[in-house]
1. Taking segment 1-24, which residues are touching a strand residue (DSSP E or B) at 6+ places or on another chain (Cβ under 8 Å), surrounded by fewer than 11 Cβ atoms within 10 Å (Cβ to Cβ) and part of a strand (DSSP E or B)?
2. What number of residues in segment 25-49 are open to solvent by less than 90 Å² (accessible area, probe 1.4 Å) and over 12 Å from the mean Cα position of the chain (by Cα)?
3. Restricted to segment 50-61, and to residues that are open to solvent by less than 60 Å² (accessible area, probe 1.4 Å) and not in a loop (DSSP other than H, G, I, E, B), which residue is modelled with the highest pLDDT?
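The values are calculated or read from the model by the stated rules, or taken from the named source; none is laboratory data. Since we're looking at a predicted model, the values are computed, not measured. Please note: Cβ atoms are built from the backbone with ideal geometry, for glycine as well, and neighbour counts cover all protein chains shown. Heavy atoms of the whole protein, side chains included, go into the accessibility calculation; ligands, DNA and RNA do not. Shrake-Rupley method; radii C 1.70, N 1.55, O 1.52, S 1.80 Å.
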Amino acid sequence: MLFEDGAVDQVVPPTGREIDFEQVHLLDLRDGKVIRHEAVRDDVTMLHQLGGPSAEAGSSR
């Protein structure tokens, strides 16, 4: 999804395609419970594989 002014502007429709991209999740644990979660995802690669808008198109807004 692309957002503009806090509202959904564009949505990539379902394609049924398989995707392969990387994510890293960092968890801080205390007493066996997750107290913090951070994630880094390669959304640009995922969108490219799905045929979504390019990074260049999104940067012109």
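1. Those that are touching a strand residue (DSSP E or B) at 6+ places or on another chain (Cβ under 8 Å), surrounded by fewer than 11 Cβ atoms within 10 Å (Cβ to Cβ) and part of a strand (DSSP E or B): F3, V8, Q23, V24.
2. Counting residues in segment 25-49 that are open to solvent by less than 90 Å² (accessible area, probe 1.4 Å) and over 12 Å from the mean Cα position of the chain (by Cα) gives 6.
3. Across segment 50-61, the extreme among qualifying residues is L50.
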